[in-house]
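This report concerns only the one structure given below.
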Amino acid sequence: MPRLLVHAAIVAALAAASPLARAQHAAPTRTEVAPGVHVFATPPYGEVGLDGNSVAIIGGDGVLVFDTNGAPAAARAVLAEIRKLTDKPVRYIVNSHWHWDHWYGTEVYREAFPDVVVIAQEHGRRMMEGPAIAFNKPGLERDLPGYLAMLEKRQADLGAQQPPADAARLAALRERITMVRFFLEQKQGVHHVLPNLTFEKRMTLHLGDRVVEVRHEERAVTPGDAYLWLPQDELLVTGDLLVNPIGFALSCYPTGWLRTLEVLDALDAARIVPGHGAPLRDEALLHATAAVFRKLLAHGRDAKARGKDADAAKAEILPALETLRKQIAGDDQAAYESFPTYLVDWFLHRVYDELAGPLDDEIAPIPAQ
Ligand SMILES: [Zn+2]
């Protein structure tokens, strides 16, 4: 992958040029979910990207950071906030899985703390090492630059228009372009820092008196999902095993994902930090998501036996999921709209793949609509 250096001066100029780009550098929002456990959420990259939650666990002799955002700039902003809370070093990073929005900021921690131990599940690391980089390549080299060029052409056309185009419309377009360019430069400039410690099923870290269990059950969202259980706080940090409000089922492992959610459920967590979205005070979303998966697994098996393809199966089951769909989406209209694709369509296609034979660890393409 070509390495483009993002010069501080360019970033500063971009930030000065646009309120949106300034928002990108705004302090992340912070929620303390247990004493010394802080969840950081960063602003989205306009319409082109979204960071995962980053969680700092401050222990007696150091800090553990679970997931490092999707870009160095975001990780830098989170680290600046952590430094306001403690002067203890970040000793451990845990990357939940290979999706870029959970580990592309790790270099910031490695620079600041050269001895930091970066942990992932062994299959998670294997995905990060090769398949993840290859999967992101077309987006970085073709799709995002193409999208940027399209926006720039639209800007040029609008600028040349007579009578002149609406100034507010032009300004909004300029902001979008600034954000897409910023995001592209951030991702192209990433220095991929791979985990230097892997585990298979369980690993326990002691941060002073604080106990952090790093766990993996089986293939679920990806071949190697890691999550945290903090027994003293009854706190569960799920990564994308649970997303508030809706998960992203592309290339998932349906049976393993449901079984994993059942293990998480049995922990009876007092609080849950999902991979994206606000922390949860109850298990309602966990139960609803598991209920959708249970219905889709059963319906997929039945529909396939009746000779229906995955798209027909989806059309059949969608009305029966309406109550769960509303419960999961709440008043989030965008989540309601994306439910049939991100959760139902992608999950069902994988149910069919799974029924056709054991799944491998290849990243499955987006099913045609
Ligand atoms: Zn994610």
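Any read-out appearing in this document is the output of simple, stated calculations on the displayed coordinates, not a laboratory observation. As the structure is a prediction and not an experimental result, all values here were calculated from the model. Positions of Cβ are generated from backbone atoms using ideal geometry, with glycine treated the same way; all protein chains shown enter the neighbour counts.
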Fill in: Amide hydrogen neighbours beyond the local backbone of residue 207, cut-off 5 Å, H modeled
212
Practice prompt. Rank these for me by crowding, 58, 363, 328, 93, going from fewest to most other beta carbons within 10 Å.
Written response: 363, 58, 328, 93
Discussion item. Pairs on different chains or at least eight residues apart, Cα atoms closer than 19 Å: how many lysine pairs in the chain fit?
Written reply: 7
Discussion item. Could you work out the percent of alpha carbon pairs in the chain separated by over 31 Å, rounded to a whole number?
Written reply: 38 percent
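Give the order of 206, 287, 299, 216 when sorted by the count of other beta carbons within 10 angstrom, beginning with the fewest. If you can, show how the numbers build up before the last one.
Details: 206 11, 287 14, 299 20, 216 24.
So the ranking, lowest neighbour count to highest, is 206, 287, 299, 216.
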Worksheet entry | For region 25-80 versus region 266-293, the gap between their alpha-carbon centres in whole angstrom | 19 Å
Item to complete: Note down the nm distance, to one decimal, between modelled labels 7 Å out along Cα→Cβ at residue 332 and at residue 197.
Response: 3.2 nm
Worksheet item: Which peptide among 153-164, 223-234, 66-77 comes first, and what is the full order, when sorted by highest mean count of other Cβ atoms within 10 Å?
Response: 66-77, 223-234, 153-164
